[in-house]
Amino acid sequence: MSAEGKVKITYREAMRQAIRDAMIRDQRVFLMGEDVGRYGGCYAVSKGLLEEFGPERIRDTPLSESAFVGAGIGAAMGGMRPIVEIMTVNFSLLALDQIVNNAATILHMSGGQFNIPLVIRMCTGAGRQLAAQHSHSLEGWYAHIPGIKVLTPATLEDARGMLWTALEDPDPVLIFEHGTLYNMEGEIAADAGPVDIVKSAIRRTGTDVSLITYGGTLFKTLQAAEQLTASGIDAEVVDLRTLRPLDTETILDSVTRTHRAVIIDEGWRSGSISAEISARIMEGAFYELDLPVQRICSVEAPMPYAKHLEDAAVPQASSIVESVTNLMGAHG
Amino acid sequence: MADFLMPSLGADMEFGTVLQWLVKPGDAVKRGDIVAVVDTEKATIEVEIFQTGVVQKIVVPEGEKVPVGTLLAVLAVNGEAPAAAPPEAKPKPAAPPPPKAVAAPPPPPPVIAKPPAPKPAAPHRLHVSPLAMRIALDLKVDLATVTGTGPDGAITKADVERAAKAPKAPAPPVEVKPAAPTPAGAPAKPAIAPIDHHAAMRKVIAAAMARSKREIPHYYLGTQIDMSRAMAWLTAENLKRPVTERLLYSVLLIKAVALAIKEVPELNGFWIDGAFKRSEAVHVGVAISIRQGGLIAPAIHDVEKKSLSEIMVNLRDLVKRVRAGVLRSSEIADATITVTSLGEQGVETVFGVIYPPQVALVGFGKIVERPWASGGMVGARPVVMASLSGDHRASDGHRGGLFLAAVDRLLQEPEKL
């Protein structure tokens, strides 16, 4: 305990508390995935949970994403509330058939008879020198699929609070945890609990430009917004929180106030969630726009291993500052 | 060498303002091409050229108001070598300079007399942010006067607000040329300060109508025409047509007038310099009222040779363009007789004023049901009052009467129109 009613916590610990809390609240909840038990999770999120809840509820699985995601879908159909952990979004592609063809469609295909109250957690993003097969940001792809929800908790509160709300949702929910966030430490309310998973949040208010982002780039963007004040640019930062369904209203509200929008997305630009947001701004707030919508995305190449190249490939606070300053130019 | 002059776009036109040139020196033009947009006091007109050749020199720049007949541009007609090398003669800066290692390319071939006609330059389009556009409308800021500071000189909100706050320049006269690159917008929305068409048009109508009543000894004739056959035929005909191709009864009236006038040609033409000049072609001016007030009577050309469908297409197009304020010079200048139909306003009879130098105006009122005796029987028939205002210098009431009788006769055989 530090300040009144506040606790110091890491993102990893917040996520672990969220799982623990759910396991205690609801006996139907269980966690499964590669190395979640004895090893404590490859990002150590589930460390200690096997000892507390036993091998029935903290289940190590074979190395087959398709099999254990499918098992999760079956368990959800059977009335359980499974949390399935996939190590990284790159590996989730092995389970794409289960997620897209089954989890997202069974409610529809069964004429509304079977819900899939499944939660799948996975790590996403670059920044840890894990190269081109462990570092991509494919959450935007999943946001394309009707029938699932896509959450991207960036703050400690969201790491702590989104899981329970996701478990209560009758349909499949995917939670993308950015790999660089696990070690982030901060204070949250000691009694922090479930949060909504439908609204985007304004993390910083500003009047000159809306910086729209989510997940791993949120804090880089907030940092950039602070640096931009030196150039007299007062930036608003919108944390999307949920990529599907997109909270279009909050985005348009913000752009309507600032008249300028820059989208920061660690995914690749082509066919990305940033493209979708840009299109929605154009559709819904065209006559509010004073400058063309701008996007800052990752370089369209497989993620490099070398540190300096990886840093150069993804949006950074400095590149955000530079782009926004250029955009606003002489007329900020 | 040929001169292109400020055309007379109506007998009442004295001056015209060149809003926009659609050609530049070196451009090849052919008869019928639209080469310039001219503002008269009545409307914005797309002016056609009637000679084929290559534009050699633009004499009157955009924005200038000049009297009718002023030399606007000089053409080199076909075969003629341009007197001096046209300014566009220098070759386009095509590819980037080749790397040094490569052998120098052969020198560009000398420019032959007739350079390939370059496409008319796309008019420079202002870059304005959607928000700035909206605010400019609200604040009534003329975007052509705003300096853009956004990306690539785009006009942003701040630019418009700055322009709105700036003290109004002491009423720059219309003739003043805008700074450096003329940011001419689309032809319909010229960047030059627009003329107040409404007031100007009133003035023009006043002048033309006063001249008409001062100079033209009008006589008036009227006759009721039984429209039952025409309307029955029209109803049946329209049932056969898709909605978009249906005919209005005015088309029947216009065609009947055009055919009847062939029988009484002294109603078709102009009274110029104390004599009647008969016109072979029948270009029927159709009076179209403008929503903001005023009217204009552009011509449908060669009506007697056109099918009803063609006339309908022309009429629709004219009405649309009158309302949009974009007419072509030939349509404005050369109507040989005018038809005005005030039926939509509920009027039964028109006593028209001739539009000089024409010599006749035909009016139609509303089609109304009236008791009609025919063959010893009385029945209700749709009836229209056709009237003729004739110039007594060019024709007499007797001939006018024959004309109205011919209109009547033609309308009894609508299938032949």
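Values in this text are rule-based calculations from the coordinates and carry no lab data. Given the structure is predicted, the values throughout are model-derived calculations rather than measurements. Every residue, glycine among them, receives a Cβ derived from its backbone with ideal geometry; neighbour counts consider all protein chains shown.
Some notes on this structure:
- Rounded is the label for region A:190-332, because the ratio a/c of its alpha-carbon gyration tensor axes (a ≥ b ≥ c) stays below 1.5.
- Only helices enter the 222 nm calculation for chain A: every DSSP H run of n ≥ 4 contributes -39,500 (n - 2.57), and dividing by all residues gives -9500 deg cm²/dmol, rounded to 500.
- In region B:341-395, one over the average inverse separation of all distinct C-alpha pairs is 12.7 Å, which is the Kirkwood hydrodynamic radius.
- Amide H within-cut-off set for residue B:300, under 5 Å, with H built and near neighbours excluded: B:284, B:285, B:286
- Cα shape, the protein assembly as shown, gyration tensor, a/c 1.5 rule: prolate
- The mean sequence distance of close C-alpha pairs (under 8 Å, at least 6 residues apart), as a share of the length of chain A, puts its relative contact order at 16 percent.
- Mean Cα-pair separation over length for region A:201-331, i.e. relative contact order, pairs under 8 Å, 6 or more apart, %: 27 percent
- Across peptide A:283-295, the average count of Cβ atoms from other chains found within 10 Å of a residue's Cβ is 4.
- Relative contact order (percent, whole number), region B:197-416, Cα cutoff 8 Å, 6+ residue spacing: 30 percent
- Principal axis dimensions, region A:228-293 - Cα atoms, whole angstrom, descending: 33, 26, 21
- Of all DSSP beta bridges confined to the protein assembly as shown, the antiparallel ones make up roughly 60%.
- Our summary of shape: the Cα atoms of region B:2-89 have principal axis extents of 38, 22, 17 Å, ordered from largest down, in whole angstrom.
- Residue pairs, from the table B:255/B:320; B:305/B:366; B:42/B:65, whose Cα atoms sit over 24 Å apart: B:305/B:366
- Placed amide H near residue A:81: partners under 5 Å, 5+ positions off or other chain: A:29, A:30
- Size-normalised alpha-carbon gyration radius of region A:6-189, reference 2.2 N^0.38 Å: 0.96
- Annotation for region A:77-119 versus region A:191-223: alpha-carbon center distance of 28 Å.
- HN-Hα J in Hz across region A:95-106 - Karplus 6.51, -1.76, 1.60, θ = phi - 60°, x for Gly and Pro: 9, 4, 4, 5, 6, 7, 8, 10, 3, 6, 10, 4
- Couplings for region A:220-231, taken from phi via the Karplus curve 6.51 cos²θ - 1.76 cosθ + 1.60 with θ = phi - 60°, read 4, 5, 5, 5, 4, 4, 5, 5, 5, 4, 4, 8 Hz in order; Gly and Pro are left as x.
- Once backbone amide H atoms are built at 1.01 Å from N, residue B:370 has B:381, B:383 as its partners under 5 Å, excluding neighbours fewer than 5 places away on the same chain.
- Vicinal HN-Hα couplings computed from phi for region A:278-289 (Karplus, 6.51 cos²θ - 1.76 cosθ + 1.60; Hz; Gly/Pro x): 4, 5, 5, 5, 5, 5, x, 9, 3, 7, 9, 7
- Reciprocal of mean inverse Cα separation for region B:259-349 (Kirkwood radius, Å): 14.1 Å
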